[in-house]
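Before any comments, here is the structure.
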Amino acid sequence: MRIIAGQAGGRRLAAPPAGTRPTTDRVREALFSSLDSHVREESGGWGEIEFLDLFAGSGAIGLEAMSRGARGATLVERDRRCLEVLRRNVAEVDPRARVVPADATTWRPDGGPFDIVYVDPPYALSDDDVRGVLGLLARHGALDEGALVVVERSSRSEAPWPSEGWQHLRKRDYGDTALWYGRASPRVNPTVDEEA
């Protein structure tokens, strides 16, 4: 695995332990193509972005955001083996990223509010549990107004959004992987790049 672009572009990352499911380079490239468009159109650049990476694993997503200039990134992970890799990657790529050793399904956000949230739970986590994670974020004020939330799931999964107060923007499939884009605060003019 490597950082794709930005200040740390090309930097290799330590891999998480066997049994985890890192986001593939193809999916990360598509994700950040969309996020780059979103950031340019709605935020004036990455320097305005507070990024949250839930179920962070190796930290590749949050560190990619930092490499592109995000103001800050919080990376939440509970697995002890992953945490060792995550901390090593943060130390090597960008020590400003904040590592939170916690279970993302019960973590009560103590930072933010976040402008972009990436949620990459194990595929075995139920759709209802994923909705519970998103509900916690909204209830505890973790989401900035109009925050973009991206959920990585199996392409066979159901929409991850809680039943009320969420706007589905789009879903993109990449083989067995799907990226779901949405907002907790509905907005009339979504700007996520439809071609990514």
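Of the residues making up the range 18-32, those that are assigned to a helix (DSSP H, G or I) and surrounded by 14 or more Cβ atoms within 10 Å (Cβ to Cβ) are V27, R28, E29, A30, L31, F32.
Number of residues in the range 106-117 that are part of a loop (DSSP other than H, G, I, E, B) and either under 9 Å from F55 (Cα atoms) or of a type in the set (D, E, K, R) (or both): the value is 2.
Kindly indicate whether any position in the range 125-134 is of a type in the set (D, E, K, R) and either at positive phi or in contact with a Gly (Cβ under 9 Å, 6 or more places away or on another chain) (or both). No; the residues of the range 125-134 include none that is of a type in the set (D, E, K, R) and either at positive phi or in contact with a Gly (Cβ under 9 Å, 6 or more places away or on another chain) (or both). Residues in the range 107-136 that are in contact with a helix residue (DSSP H, G or I) (Cβ under 8 Å, 6 or more places away or on another chain), more than 27 Å from R40 (Cα to Cα) and free of Cβ contacts under 8 Å to residues at least 60 places away in the same chain: W107, R108.
Note on the range 78-105: among residues that are touching a strand residue (DSSP E or B) at 6+ places or on another chain (Cβ under 6 Å) and not in a helix (DSSP H, G or I), the one that is surrounded by the most Cβ atoms within 10 Å (Cβ to Cβ) is A97. Out of the range 1-17, which residues are part of a loop (DSSP other than H, G, I, E, B), within 24 Å of V151 (Cβ to Cβ) and without any contact (Cβ under 8 Å) to a residue 60 or more places away in the chain? Across the range 1-17, the qualifying residue is only M1.
Filtering the range 118-167 down to residues that are of a type in the set (F, W, Y) and either in a helix (DSSP H, G or I) or at pLDDT 90 or above (or both), which residue is surrounded by the most Cβ atoms within 10 Å (Cβ to Cβ)?
Of everything passing the filter in the range 118-167, Y118 is surrounded by the most Cβ atoms within 10 Å (Cβ to Cβ).
The number of residues in the range 43-77 that are part of a helix (DSSP H, G or I) and buried (at least 17 other Cβ atoms within 10 Å of the Cβ) comes to 9. Number of residues in the range 55-83 that are modelled with pLDDT of 95 or more and among the acidic types (D, E): the value is 2.
The values are calculated or read from the model by the stated rules, or taken from the named source; none is laboratory data. Note that the structure is a prediction, hence the values are computed from the model and not measured. For neighbour counting, all protein chains shown are included, and Cβ atoms are generated from backbone atoms with ideal geometry for every residue, glycine included.
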